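Taking it in order: structure first as C-alpha cells, then the write-up.
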Amino acid sequence: MKEKIAVPKETYNPFEHRKVQKPNSDIRSTANLIKASLGSGLLAGPLAFANAGWGIGIIGTVIIGIICGHCIHILVKTSRGCCVIEKKPSLGYAETCKSAFENGPKCVQPFANAASVFAEFSLLSTYVGVCCIYTVLISDSIKQLVDRYFPSAIMPVEYYCLIILVPLCILSQIKYLKWLAIFSVLANVLLVATYLVCLYYIFKDSISFTDKTAIGDPARYPAFISTVIFAMEGIGVVMPIENEMKKPKNFLGCPSVLIVAMSAIVFLYSTLGLFGYFRYGDVLRGSITLNLPMDEWPALCAKIFIVLSIFFTYPLQFFVVIDIFTKYTEPHIKENYRLTTQVVARIVGVCCCVGIGIALPLLEQIINIVGAFFYSILGLIIPGIIETVFRWEDLGKFKWVLWKNGFIVLFGVGSLVSGCTVTVMDIIDILHRKTE
C-alpha cells in the first residue's frame, strides 16, 4: 500500500481577493503618498536646519528618512502577513495591530483589543493635529497677503480660520481616494512650483556661509527631529493607499512606490532645508514662504500656490479621521441615513479641527507637538512593536529583528519625550512674553 503524500495547501493570497471600488494606479498611489508626507512639513525644513545646524541637518534628515521609510515597510509587510493568517483581503492600521497581537506570543494576546484601540486613538489624534496645522498655515498665509494689500482690513489669524471653514467643509465631502488623487497631483504640482520659487529667492543673490553653523545647539535637536518626523511621516494613509492600489505588490520592493516616494521626500526636504537655512539664517518662520518678500510677483505666486496646495491636501489628511468614524458608526446606522450621517460627520469634524486651530494658532509649536508626540507613536513606536510581536518566533539570527526594533522604539520614545519637553517650554515662553 502506497503512502499518501501530503499536498501542502495553497497559501492565501490577499491580493487576489481584494475588490476595490475605485483602484489607484502606481502613479496616483505615489502622488498620494508624497502628498500625505510633504506639505507644510517641507516648508518647515529650513527652520529645522536652523535648529540643528546644516551638517547635523543633512545627516539627520537622511537617517530619519531611512528610519521612517523602513517603519512604513515593516508596517505594510506585517499587515500582509496578518492578511494571510486571517484570510482577509486587506487590513487597516489598527486591524493590523490587533491581528499582530492575536497571532503573537500568548502573553500579549489578551492585549489585542487594547492595541487596536490605542492605534485608532493615535491615528485620530495625529490627523486631527495635522488638519489643525493645515488650518493655521492656510490662514496665516492668507492673513499675510491681506495685511499687505488691504491694510484697512487687518484681522487676527483666528478670523481667517473661520473664513476658510466653509470651503474646507465642502472639499472634505470627497469620499474616494481615487478622486482625491486628482487633487493630490494638483497639490504636488503647486508644491513643486512653490519649492522652485523658494529656490529662486534663495539663489537670487550670493549666499553667506560664514555665520551658519554646521553643528547647532544640542538643546534644539529635539525640535529638529520633531519637525523632520512631521515632514517625513504619512503613515496614517499608508494602509488606505496600499489597500486601494490596482497592483498592491508594487508598493514594496525595488523599485517601488515606497522607495520612489521616500527618495523624493528626502531630496526635496534636505535641499530646501539646507539652502533655506543658508539664505535666511535664524530668522525663519514655521513656513519658508512666510519669509519671502511681499512686493514681488514670484513670491506672491508662491504664497498663493502653497495656500492652494495645502487646501487641496486637506481632504487627504481628513480622510483618515472620517475613515475611523465610518468604521465604528456605519454598522449601527440604517442604510437610508448613512449618506446624511457622512455629510454631517465631515462638517462637524472639520469644525472641530478649525476650532482647535483657533484655540492655539502657533504654527511652529503645533508642528513640533504633532511630530514629537503623535507621529513618534504612530510612525516609529507602534510599527517597531507590532513587527516584533508578529515575528516573535522568527526574529532572525542573533535576534537582529528584536535589536533593530528596540532601537526604533527607543528612538521614538526619545523623540517623543525630548520633543514635547522643548516644545512645551517654547509655548510657555511665547505665552509669557505675550502677557508682559
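So the values come out like this:
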read-out	value
Scan of region 79-100 for residues that are buried (at least 23 other Cβ atoms within 10 Å of the Cβ) and closer than 17 Å to Val401 by Cα, ordered by number	Ser79, Ala100
Those helices (runs of 4 or more DSSP H) lying entirely in region 28-113 with at least 2 residues under 22 Å from the mean Cα position of the chain (by Cα) and modelled with pLDDT of 90 or more	54-86, 93-102
Neighbours by Cβ (under 7 Å, 6+ apart or cross-chain): first from region 389-400, part of a loop (DSSP other than H, G, I, E, B); second of a type outside the set (D, E, K, R)	Arg391/Val401; Trp392/Gly104; Trp392/Pro105; Leu395/Val401; Leu395/Leu402
Selected residue [more than 17 Å from Ile133 (Cα to Cα) and in contact with a Pro (Cβ under 7 Å, 6 or more places away or on another chain)] from Trp392, Trp403	Trp392
Count of residues meeting criterion [within 28 Å of the chain's Cα centre (by Cα) and of a type in the set (D, E, K, R)] in region 114-154	3
Some residue of region 192-206 being farther than 30 Å from Ile427 by Cα and among the acidic types (Asp, Glu)	yes
Pairs with Cβ under 6 Å, 6+ apart, first in region 162-186 and among the β-branched types (Val, Ile, Thr), second part of a helix (DSSP H, G or I)	Ile164/Ile138; Ile174/Leu180; Ile174/Pro315; Val185/Ala31
Wholly within region 253-368, helices (runs of 4 or more DSSP H) carrying at least 2 residues that are without any contact (Cβ under 8 Å) to a residue 12 or more places away in the chain and of a type in the set (D, E, K, R)	335-359
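Residues are listed down the side, and each one gets a yes or a no for (1) closer than 22 Å to Thr271 by Cα; (2) buried (at least 24 other Cβ atoms within 10 Å of the Cβ); (3) small (Gly, Ala, Ser):
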residue	(1), (2), (3)
Leu190	yes, no, no
Ile215	yes, no, no
Gly234	yes, yes, yes
Ile241	no, yes, no
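The values are calculated or read from the model by the stated rules, or taken from the named source; none is laboratory data. In this text the structure is predicted, and so the values were computed from the model without any measurement. All Cβ positions, even for glycine, are placed from backbone atoms using ideal geometry, and neighbour counts span all protein chains on display.
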